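Worksheet: one structure, shown below.
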Amino acid sequence: MSDTITYDVAAVRARFAALATNDTIFLDTPGGSQVPDAVRAAVSDAMRDAAANLGGTFATSQRVAEIVTGARAAAARFLHCSPDDTIFGQNMTTLNFSLSRACARDLKAGDEIVVTRLDHDASVSPWLEVAHDTGAVVKVVDIDEATATLDFTNLEAQLSDRTRVVAFSWAANSTGTLTDAKRVTALAHSFGALAWIDATHAAAHVHVDVEAIGADVLVCSPYKFCGPHLGLAYGRPEVLADWRPYKVRPAPSDPVARRFETGTLPYEQLAGLTEAINYWESVDATGAGHAHARALGQRLLDGLPDDARLIGPPTMDGRVPTFLLAFADRDATAVAETLVANNINAGASDSFYCMGLKDLIGDRGALRIGLFHYNTADEVDQTLAALAT
């Protein structure tokens, strides 16, 4: 087997001290990626040069303003939207709870929210809480269990004139399944519902364009794509303008997205976010990084041991290079421990926070392998050798 993508992965890896200073093979990226040195330096520099808050005429406060403005511009480029439509928060989960609560002010008993079996619980529990408080109904779209892909026939059957929100994962953090976000969005809009997209996993593997998709709300986590720990969201201004936010009275209300940022932002993390997006623009401007990771994914699929049961799409079509594996006669935790003994990081779980897949995963759990643009063909081969032992 040989790589089919021309890509200087060694040059990319040289930008990560974590990849250059030890022999660990990082396949745990679905839970959080490694961080380029430039991101780490930006966070450190901001803590040194911008230990202040907004609103002052002094130098450190002005530096904070520059950091926030720069982060909004970078986030807008990453999401393909206006800087005015970006929202920063503690993490994706917190943002999703906050935005869903604002949306819920207008929901009534009997209104319907649609989620799917492929969703991380951060995209489900906020709506379960909304239903508890408002009397709204949460409906769950089924999947084709043979491929762990969304059942669009079932999705259409779940929609009605009472549907208010269709919340779904663009890419499943568990199985790597890609869902046609534009198709789901169009279906939601045809029933007058909002399209609410969890792009937490997708943002690390596909190019995001909220305007092309037609998203009403999109949430993601920069620490999944080489950034710091914080949350990032897009909200369509026409939608946000209709919601009453939970905020302190002196906090900004213009543009409308600012109303959903509570308290002091993590300015040092925003400096890191800007560098993370700058990094992506430098290594993946032509999509070569994503293509490299997909080629590695095919290499892994071609060499899986016979006792590995793949939960998810059987080929690289309709997926990102994240793989969920169950084993006929081995507990996933034991397999993960074997990998750790070979300096390979990969996690085992009975759900990976995707509660809709627990029955499909089974009692022995499953191993999750996440390939990324900084992994190598040799790392895939070492992993396959360890899986076979």
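Please treat every number below as a calculation from the coordinates, not as lab data. Source: prediction; values computed, not measured. Cβ placement follows ideal geometry from the backbone for every residue including glycine, while neighbour counts extend to all protein chains displayed.
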## Note on the structure
Compactness check, region 43-147: C-alpha Rg relative to the 2.2 N^0.38 Å globular estimate gives 1.50
#### Entry: All-pairs alpha carbon distance profile, region 187-327, 5 Å steps from 0, percent
2, 8, 14, 15, 17, 15, 11, 9, 5, 3, 1, 0, 0
### Contact order normalised by residue count of the chain, Cα under 8 Å, 6+ apart, percent
23
### Query
Can you run phi through the Karplus equation (6.51, -1.76, 1.60; θ = phi - 60°) for region 141-146 and list ³J(HN,Hα) in whole Hz, with x for Gly and Pro?
7, 7, 10, 7, 5, 5
### Query
How large is the helix-only mean residue ellipticity at 222 nm for the chain, computed as the sum of -39500 (n - 2.57) over DSSP H runs with n ≥ 4, divided by its residue count, in deg cm²/dmol to the nearest 500?
-11000 deg cm²/dmol
### Distance-filtered residues of region 338-354 - backbone nitrogen under 18 Å, label point 7 angstrom along residue 385 Cα→Cβ
338-346
### Query
Hey, if you put +1 on the Cβ of every Lys and Arg and -1 on every Asp and Glu Cβ in region 262-389, which of 296, 327, 282 ends up farthest toward the positive end of that dipole?
327
### Summary
Output ordering of 193-199, 35-41 (per-residue mean of other Cβ within 10 Å, highest first) is 193-199, 35-41
### Message
List residues of region 359-379, by number, whose backbone nitrogen lies under 16 Å from a label position 7 Å along Cα→C-beta of residue 302.
### Response
376-379
### Message
Could you sort the peptides 348-359, 253-264, 115-126 by per-residue average Cβ neighbour count (10 Å cutoff), highest mean leading?
### Response
115-126, 348-359, 253-264
### Message
Quick test of the membrane-span-like rule: which DSSP H helices of the chain reach at least 20 Å along their long axis (C-alpha atoms) with mean Kyte hydropathy at least 0.0?
### Response
59-79
## Note on the structure
Going fewest to most other Cβ atoms within 10 Å around each Cβ, 333, 200 line up as 333, 200
### Query
Within straight cross-link reach of residue 247, meaning Cα distance under 15 Å, which aspartates and glutamates are found once same-chain residues fewer than 8 apart are removed?
261
### Message
Tell me the Kirkwood radius of region 116-199: reciprocal of the mean inverse pair distance over distinct alpha-carbon atoms, in Å.
### Response
13.0
### Task
Could you work out the relative contact order of region 230-348, using alpha carbon pairs under 8 angstrom and six or more residues apart, expressed as a whole percent?
13
### Furthest towards positive pole of dipole, 33, 43, 69, structure part region 12-75, Cβ charges
69
### region 335-389 versus region 226-256: alpha-carbon centroid distance in Å
36
#### Entry: Simple Cβ-charge dipole of region 42-281, Lys/Arg +1 and Asp/Glu -1, about Cα centre, in debye nearest 20
640
### Task
For a quick protection proxy, order the peptides 311-319, 369-377, 95-103 by their average other-Cβ count within 10 Å, most packed first.
369-377, 95-103, 311-319
### Query
Quick one: what do you get for region 258-377 if you divide its Cα Rg by 2.2 N^0.38 Å?
1.32
#### Entry: Three principal axis lengths of region 183-253 [C-alpha, angstrom, descending]
39, 37, 14
